[in-house]
């Protein structure tokens, strides 16, 4: 019974990985559109998009870490 609840909780905690994947797609999509509109701002937009990507992936890694803690903690 407890093992089944752990599996359900770990599965639910990985829903945040979907949000991180969608967020990364939105960030790089906005980068491509911004670069297409104003190519001279490419380097500034790139640095901002890499920062946004790192923060978005950090949230995804926290969700994955919580899943592992639920399963093996």
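Values quoted throughout were computed directly from the atomic coordinates according to the rules given, and no laboratory measurement underlies them. From a predicted model like this one, the values you see are computed outputs, not experimental measurements.
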Theoretical gain in end-to-end length, residue 42 to residue 15 [0.36 nm per residue, Cα-Cα removed]: 6.5 nm
Net lengthening on full extension, residue 71/residue 50 (0.36 nm per residue, minus Cα-Cα): 4.4 nm
Value at 222 nm in deg cm²/dmol, rounded to 500, when DSSP H runs of n ≥ 4 in the chain each add -39,500 (n - 2.57): -31500 deg cm²/dmol
